[in-house]
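What follows is a set of notes on a single structure, which appears directly below.
The values are calculated or read from the model by the stated rules, or taken from the named source; none is laboratory data. Computed from a predicted model, the values in this text were never measured in an experiment. Positions of Cβ are generated from backbone atoms using ideal geometry, with glycine treated the same way; all protein chains shown enter the neighbour counts. The protein model used for the area step is the full one, side chains on, heavy atoms only, and it has no ligands, DNA or RNA in it. Shrake-Rupley method; radii C 1.70, N 1.55, O 1.52, S 1.80 Å.
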Amino acid sequence: MNLDSMNLIFSLGKNPLLSIAEIFSVFQSRDIEYTVILADQNFLYLNIKKVIYPDILIKILGGTISIFRVDDIVPRKDAKKIKKQFRINLYEDKVVLGETVAKQDIYDFKKKEMEKPYINPKEGMLPSKLSKILVNLSITKDTNTIYDPFCGSGSICIEAISQGYNVCASDISQVAIGGTLENLKWAKKTFSQDLDLKIEVFKHDAKGQPDRLMNKEFNIAIATEPYMGENWKKPIPKNVRNIKTIAKVDAIIQSSIKSMSRILKEKERFVITIPTFRTKHDIIKLEAREKHFPGLLKISLLPKDFIFDGKKVDTISSYLYNRDRSIVSREIFIFEKQ
Ligand SMILES: C[S@@+](CC[C@H](N)C(=O)[O-])C[C@H]1O[C@@H](n2cnc3c(N)ncnc32)[C@H](O)[C@@H]1O
């Protein structure tokens, strides 16, 4: 094996472009250079210009199922004779051979979701996988603190702590604040006991600017899932009350993006899930999706002229994170402070 570089294939989760953006963000934040060999609905194949540890990397990533090391690419007719644990047909006439070097640990996600001391069943639960992805999309080389201004039970900050970041969390609800603090102390003890991490939890309305986070030594990235109205379980009846609730969600999201972005330093990121609502007959999209926020640039994290599934992908402004038939689907936006 060439020790200055390695060829790895990432087996991608349900939202392949999102998983790819996450991998690129993690590599950029850690100064890992790479060349894309191939990307499709299932796999991202990279040449990485450094020796990295796939077993550590897989614990960081939320959207990668497993990682394979590529040892050889042989003509199809010769492939059967060679004993290798891993083989895929990425090319018409050749077979890629290698070994599985890391697999996602589902138990780690379950532990974060089920074993934390405070769970609020009334609020929709943010999957631990998605929390991880949001944290990873938000980080740059300089980030040392993750801030969630709609912290709920603190799922995003739990992920941030387990990756060694300081965290700030706020919410308008005093109950959420108490629960988050309890969860974050648990996360620090369970996942990052040896690190000297700062945890700051406070009550705050996200529509306004959190002055206490200005002029700090923190280099903040914001990763958040905002208020979604209600924990809707069935297609939403389109009555006056619900239309008003959705309009309120839109207004809160727009105001919070404007106010929160003021605490970011240049090039730091604001990652947010914006909901889309399904009623019996149609879907309701928020104005916040299309809005231009001065001083913020929507970015995709994909390189220019990126080829995915044989086609150039260069106009992505958001990533859909959907569960089948979900009533509220999430669209992930990445803003960069200008
Ligand atoms: C969908 S939950 C967030 C889930 C959370 N990210 C988690 O990981 O558990 C939305 C939260 O937004 C809070 N909220 C609603 N309006 C708010 C506002 N104006 N400012 C701050 N928090 C608000 C609610 O109290 C609730 O805890």
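Under the classification rounded if a/c is under 1.5, otherwise prolate if a/b is larger than b/c and oblate if not, where does the stretch 6-104 fall, given a ≥ b ≥ c as square roots of the Cα gyration tensor eigenvalues?
Prolate.
Per DSSP H run of n ≥ 4, the term is -39500 (n - 2.57); total these for the chain, divide by its residue number, and report the mean residue ellipticity at 222 nm rounded to 500 deg cm²/dmol.
Details: 8 runs with 92 residues, N = 338.
About -8500 deg cm²/dmol.
If I compute solvent accessible area with a 1.4 Å probe over the protein chains, what percent of it on the stretch 111-337 is carbon and sulfur? Write out the running numbers ahead of the final one.
Numbers: 5400 of 10770 Å².
On the stretch 111-337, the fraction of accessible area on carbon and sulfur atoms equals 50 percent.
Taking 0.36 nm per residue of separation and subtracting the Cα-Cα distance, what length does fully extending Asn47 through Lys285 add?
Working: separation 238, 0.36 × 238 = 85.68 nm, distance 3.91 nm.
Length gained between Asn47 and Lys285: 81.8 nm.
Can you compute the FRET efficiency between Asp40 and Lys207 using 1/(1 + (r/R0)^6), with r the Cβ-Cβ distance and R0 = 51 Å? Round to the nearest 0.05.
Numbers: r = 42 Å, r/R0 = 0.82.
That gives a FRET efficiency of 0.75.
Shape verdict for the stretch 92-197, please, from the Cα gyration tensor: rounded (a/c under 1.5), prolate (a/b greater than b/c) or oblate.
Working: a/c = 2.10, a/b = 1.82, b/c = 1.15.
Cα axes put the stretch 92-197 in the prolate bin.
Return the single residue from Arg241, Arg289, Arg269 with maximal mean-square fluctuation; model: Gaussian network over the chain, springs between Cα atoms under 10 Å.
Arg241
Can you count the Lys pairs in the stretch 6-104 with C-alpha separation below 22 Å, eight or more apart or on different chains?
14
Rounded to whole Å and ordered largest first, report the semi-axes of the equivalent ellipsoid of the stretch 148-264 derived from its Cα gyration tensor (root of 5λ). Present the calculation step by step, with values, prior to reporting the outcome.
Details: eigenvalues 160, 62, 22 Å².
Ellipsoid semi-axes (Å, largest first): 28, 18, 11.
Given H placed on each backbone N at 1.01 Å, which residues far from Gly62 in sequence or on other chains put an amide H within less than 5 Å of it?
Correct list: Ile133.
In whole percent, and with a 1.4 Å probe on the protein chains, what portion of the accessible area of the stretch 6-104 is carbon and sulfur?
On the way: 2420 of 4750 Å².
With neighbouring chains kept in place, the figure for the stretch 6-104 is 51 percent.
How many Å² of accessible area per residue for the chain, probe 1.4 Å? Write out the running numbers ahead of the final one.
On the way: 16600 Å² over 338 residues.
Counting only protein heavy atoms, the per-residue value for the chain is 49 Å².
When only C-alpha pairs under 8 Å and at least 6 residues apart count, what is the relative contact order of the stretch 182-289, in percent? All intermediate terms of the calculation are to be shown ahead of the outcome.
Details: 97 pairs, mean separation 36.6, N = 108.
The value is 34 percent.
Among Gln85, Val101, Ile48, whose Cα sits farthest toward the positive end of the charge dipole of the stretch 6-104 (+1 at Cβ of Lys/Arg, -1 at Cβ of Asp/Glu, about the Cα centre)?
Positive-end residue among those listed: Gln85.
Order Val70, Val271, Val36, most accessible first, counting only protein heavy atoms with a 1.4 angstrom probe. Walk me through the numbers before you get to the answer.
Values: Val70 20, Val271 0, Val36 50 Å².
My answer, sorted largest first, is Val36, Val70, Val271.
Charges on Cβ only, +1 for Lys and Arg, -1 for Asp and Glu, centred on the Cα centroid of the chain; of Leu134, Pro235, Leu57, which one is farthest towards the dipole's positive end?
Toward the positive end, the furthest listed residue is Pro235.
Taking only Cα atoms and a 10 Å spring cutoff, compute GNM fluctuations for the chain and point out the largest among Leu286, Leu18, Leu137.
Taking springs between Cα atoms under 10 Å, the residue moving most is Leu286.
For the chain, set up a GNM with springs between Cα atoms under 10 Å and report which of Glu268, Glu182, Glu217 has the largest fluctuation.
So, out of Glu268, Glu182, Glu217, the one fluctuating most is Glu217.
Using the Cα centre as the reference, give the magnitude of the dipole from point charges on the C-beta atoms of the stretch 169-243 (Lys, Arg: +1; Asp, Glu: -1; all else neutral), rounded to the nearest 20 debye.
Working: 12 positive and 10 negative charges, 85 e Å.
Rounded to the nearest 20 debye, it is 400 debye.
Rounded if a/c is under 1.5, else prolate if a/b is larger than b/c, else oblate: which is the chain, with a ≥ b ≥ c the root eigenvalues of its Cα gyration tensor?
In terms of gyration-tensor shape, prolate.
Using alpha-carbon pairs under 8 Å, 6+ residues apart, how would you state the relative contact order of the chain in percent?
Details: 679 pairs, mean separation 50.2, N = 338.
Dividing the mean separation by the residue count of the chain yields 15 percent.
Treat every Asp and Glu Cβ in the chain as -1 and every Lys and Arg Cβ as +1, leave all other atoms uncharged, and give the resulting dipole magnitude about the Cα centre to the nearest 20 debye.
Numbers: 55 positive and 42 negative charges, 186 e Å.
Result for the chain is approximately 900 debye, rounded to the nearest 20.
Please give, to one decimal in nm, the separation of the simple spin-label points placed at Lys84 and Met125, each 7 Å out from Cα toward the Cβ.
The two pseudo-label positions are separated by 4.0 nm.
Can you return the lysines within cross-link range of Lys248? Criterion is Cα-Cα under 21 Å, with same-chain partners fewer than 8 residues away left out.
List returned: Lys122, Lys203, Lys207, Lys233, Lys234, Lys238, Lys258, Lys280, Lys285, Lys291.
Using Cα-Cα distances under 8 Å and only pairs 6 or more residues apart, what relative contact order does the stretch 6-104 have, in percent? Numbers along the way, then the final one.
Details: 185 pairs, mean separation 30.2, N = 99.
After rounding, I find 31 percent.
Name the chymotrypsin sites (Phe, Trp or Tyr not before Pro) in the stretch 1-107 that are in a loop by DSSP and that have at most 13 other C-beta atoms within 10 Å, would you?
Values: sites: Phe10, Phe24, Phe27, Tyr34, Phe43, Tyr45, Phe68, Phe86, Tyr91, Tyr107; in loops: Tyr91.
Answer in residue order: Tyr91.
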